[in-house]
Each structure stands twice: as C-alpha cells, then as structure tokens.
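The structure under discussion appears below in the form of structure tokens.
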Amino acid sequence: MKVTNLGYAIAGKTILNNLCVELRSGQLLFITGPNGAGKSTLLKVLLGQFPRKSGDIRFFVPMDRIGYIPQLANTETHLPLTLRDVLKISVDGLLNLDAIFKLALIENRDLDLRWNTASGGERKRVLLTRALIKDPALLILDEPLNHLDSDSRTRTISALRDFLQSPNGLPKALILVSHDGFSSSELSLFDSRAITIGGG
Amino acid sequence: MFLLDLHLWNIVAGSLMGGALAILGAHLATRHRAMQTLCVGQGALVGVLVGLGTFGFAHHMPLIMAFVFSLITFWLCEHIVHRRQASKNAFFAFLFASLLAGAYLISSLFPALEQHMTQVYFGDLATLTSEDSRLTFSVALLGLFYLAARWKEITRQSFELAIFGQEIGVSRAKAFNIIAFILLCFAIQYVGFLFTMTCLFLPTVLMSFSSVRGVSAHLFLCFALASTSTVTGFILSLYLGRFPTVPTIAYVMLVMALCFLAIEKTLTSFFIKKPGAQAG
C-alpha cells in the first residue's frame, strides 16, 4: 500500500494533512493517538468509506483480499447466533475446523457459546478468526486489543505475528489501530512502522 | 368441512406468507429495522388507501400506490434518520403517528374507504379471492426461496449490520431490501397490516426467549410458529363465528409460543435437576 499526501477534513476541521506512508509485505503499520484524534477515520478514508480531500491511495492487492474489522457498534444481536454460526456464515463452503483450530484463537468447546453471552475477548478472537480464515493479503484492524485480558492479548498478538510470517508464502501486511499501544517487547515481534495521529 | 374446503387456498397462502414474514422479521429485528418497518408498512397502507380512493377498485392500482408510498417512507427514514442517529426512535414514532393521521384523513375524504381501511388494518385473510390467494402464495414462495437459498449471505449481513453498524466490504444488502419491500407491500395489500406486523415480529421476539441455540434453529422455530398458528387461528375463527381471523391468529401465536416456552423450561429444569437429585 502506498499513501501520498493524503488529506481529509470534516466540517472545516482538518483531520489528516499531507500523510505519506508506505507498507510492504510482512510489515505492520501501527496507528496510535489519543481518543478522537481520527485513527478510525484514517482507516475509513483508506478503505474509501469517507472521501479524501487530497492525495492518493494505492493498494497493490485487490480490494476483495483486504480484511477489515471495525470497532463494535453494538455487542449483542437479536438473532441467537453461536460462535460457530458467526464463522459458518462467513465462509462460502463448509467450515474447515482444522484451519480454525490451527490459528489457536478459539477452541472446540467455545464454538457452541452464544455470541450474546460470550466474553469480549471471545468475541474479538472469533472476529479475528473469521477474518483470518478468508486468507486476506492485507488485514486492517480497529482497536483489536481493547479490553482484552493478558491471555487473549497474547493469543491475538501471536496469531497476528503468524499471519505476517505467512505460512503459505503469499504476501501479507497488517494495519492496526490502538490507542493504548504495544509494549516494546510486543512490538519487537513485528517489522513495524508507526504513525501517531493528533500528536504532531 | 365445507368452510375448510372453501378457504383452503386462503389458509395455505396465509400460512406460507406468515412463515416467510417470520423469517424476514427475524432479520429485520437483527438489523434494528423493526420501527422503520412499522413506518414503511404504515406508508404502504396509506398508499393502498390513496390507490383505492383515487383510482377506485382498479385491480393493481392500490398495490402500485402501496409501493410508491412505502418507497417514499423508506427514503425518508434512510435520509433523515441517518443524520439523527440519537433520536431515531422518536423520529419513527413521529412518522408513524403522521402516517396514521394521514390514513384517517384519506378515509374521511373518501367515505367508501372506511370499511376497506378496517379490512386493511385488521386483515382480510378470509375474504381473499382465489386469484389473490394464489398470488399471495406465489409471492410468499418466491420470498421463502430467496431467504432459504441466500440464508448464509443474509445472516452475515444481519450480523455485521447489528454489531458493526455497517457491512464489511461491498454491500449486498440491496437485494434483501428489495425482497423485503416486495413481501411487505404484497402482505399489507392482500393480508392486512395487523397480520403482516404480527407475523414479522411476534415469532422472533417470542422465540428469542427460548434456550434453543443457533440461527437455523431460531429461524425454523419462527417459521413453524407463524405457519402453524396461522392455520390453527384461521380454522378456529371459522368455527367460532364471532372471532375475527387475524386477531385470533395473533393470540393463537402468543398462546402457542408461551406453551412452547413453558414446556421447554420444564424439560430443561427437569434434565438439569436430574444429576443433582442422583447425587443427593
């Protein structure tokens, strides 16, 4: 992905100004900044959901190979979906359980949990599994580490590192938004680049 | 038996339409569109009345006007509500009250419509002509076929719209919206507002209290409840002459669902208590 001189403004307020960034295969682009700085907005501008004011965005992968997990707007659904349902509706054919368990984000006993009663960590891990089983080339995650306990956090970071190491040899890249950041030991696991929004 | 033979097509068409609406309603409720559907339905009802008042009983005009008015209501909902997320329900309540007042105004302008308005509201399932029954049956069958054939895609959309407030990737919700629209307008015109709203939301709300897990089981229960209570309520109203058809169906649905939930709860507590009793 290559972004050149990207600008975005809403209601006369400049959110992004002349942003330039390049992301290569195997890299993590880490976007951080305080609440309300425009981190999620940047993702929506990159994905074309919000119109950019200036600049150019080029993806070197087809748009249907881009996986995206936005922040949750609601935590519950009216339909009584199980975690198995959430995975089943996301794939075209039958669910490949071996591939799912290989990601080590969820276990067999979790699959029959109801979405509405699963914990925040279980929900986030199943959403990440859902994105990873589609084998995206570029994965864009908005606050995937929010409210995770240490076990869920470790499993999530480990799955993301495995994703970038690309076991099938295909190019992979990751864009991740987080307001609380990575520890230096977590960051050392990745070939990463960082952008701070709203912090100069 | 004579009454049953006479209304056989009405029962079959009503039962199938009820089942299709129940599955549709489960998805609409998940997409937070129940109040909007109530308004769009009321818009369709105003359209039916305008069609009848302006063009007389020319066969397809009420249906065409139902489409036009419900489209306008849908457009209003989409464009105004998206700018005022916080007061969404208040806006829907305002819109519903305005359309309700509009329906009464139209019926007072055309006095011949008063009887028809009551029918459109409380249902004219028993008075459907054979041709109308077959049309209702065909539309319901097509709707069911679409909902069954695309269930994964539709459930994925409902899930993403419910938890993210948006679809991930290219939006494919247009086809679902069109099918929902067609089913809604046909149902309002041919089987009435009360039957439509009852079948859309009663089964899914009642079955959400069930301990049954999984989306397929929930959708099957909604379909089964709407279909069987339409058949049972219809037959009951035929033999108990003073009972109007659609309100009877609505209360049969409620009673059947409560019985199901009570039996389920009893069985569940029995099987949960059993190991404890053995240990004691």
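Please treat every number below as a calculation from the coordinates, not as lab data. The structure presented is a predicted model; accordingly, all values stated were derived computationally and were not measured. With ideal geometry, Cβ positions are generated from the backbone for all residues, glycine too; neighbour counts draw on all protein chains shown.
Work out, step by step, the length gained on full extension between A:A104 and A:D135: first 0.36 nm times the residue separation, then minus their alpha carbon distance; give nm to one decimal.
9.6 nm
Going through the DSSP H helices of chain A, which span 30 Å or more along their own axis at the Cα atoms while scoring at least 0.5 as a mean Kyte-Doolittle hydropathy?
none
To the nearest 20 debye, what is the magnitude of the charge dipole of segment B:2-200 about its Cα centre, counting +1 on the Cβ of each Lys and Arg and -1 on the Cβ of each Asp and Glu?
Using Cβ point charges on Lys, Arg, Asp and Glu, segment B:2-200 gives about 760 debye.
When B:C259, B:C39 are ordered from fewest to most other Cβ atoms inside 10 Å of their Cβ, what list results?
B:C259, B:C39
Could you pull out every residue, at least 5 positions away or on a different chain, whose amide H is within less than 5 Å of the one on A:L113? Hs are placed 1.01 Å off N in the peptide plane, and Pro or chain starts have none.
A:L83, A:R84
Just tell me the longest site-free run in chain B, where the sites are trypsin sites (Lys or Arg not before Pro) in a DSSP loop having at most 12 other beta-carbon atoms within 10 Å. Show your work: numbers first, answer last.
Details: sites that count: B:R83, B:R84, B:R242.
Within chain B, the longest run free of exposed trypsin sites (Lys or Arg not before Pro) spans B:85-241.
Sort A:T4, A:T41 so the one with the fewest other Cβ atoms within 10 Å of its own Cβ comes first.
A:T4, A:T41
Taking amide H atoms as placed 1.01 Å from N in the peptide plane, list the residues 5 or more away in sequence, or in a different chain, whose amide H sits under 5 Å from that of A:I175.
Correct list: A:L29, A:L139, A:I140, A:L141.
If each residue of separation counts as 0.36 nm, what is the full-extension length gain between B:L240 and B:S108 once their alpha-carbon separation is subtracted? Walk me through the numbers before you get to the answer.
Working: separation 132, 0.36 × 132 = 47.52 nm, distance 3.23 nm.
Going from the current span to full extension adds 44.3 nm.
For A:E186, put the label point 7 Å out on the Cα→Cβ axis and report which residues of segment A:58-83 keep their amide N under 18 Å from it.
A:69-72
Estimate the FRET efficiency between B:H79 and B:R134 by the formula 1/(1 + (r/R0)^6), using the beta-carbon distance for r and 41 Å for R0, to the nearest 0.05.
Numbers: r = 37 Å, r/R0 = 0.90.
In this case the efficiency is close to 0.65.
Please report, ordered by residue number, every helix of chain B (full DSSP H runs) that is 27 Å or longer along its axis going by C-alpha atoms and whose mean Kyte-Doolittle hydropathy reaches -0.5. Before the final figure, lay out each step's value.
Working: long enough: B:8-30 (34 Å, 1.41); B:34-55 (31 Å, 1.47); B:61-81 (29 Å, 1.86); B:88-109 (31 Å, 1.46); B:130-149 (28 Å, 0.89); B:215-239 (36 Å, 1.52); B:245-279 (52 Å, 1.08).
Answer set is B:8-30, B:34-55, B:61-81, B:88-109, B:130-149, B:215-239, B:245-279.
Relative to a virtual label point 7 Å from the Cα of A:F50 in the Cα→beta-carbon direction, which members of segment A:58-79 show backbone nitrogen distances below 17 Å?
Label zone hits: A:69-73.
Contour minus end-to-end for B:L142 and B:R172, with contour as 0.36 nm per residue of separation and end-to-end as the Cα-Cα distance?
Here the segment from B:L142 to B:R172 would lengthen by 8.9 nm.
Sorting B:C199, A:C20 on the 10 Å Cβ count, fewest up front, what's the list?
Going from least to most buried by this count: A:C20, B:C199.
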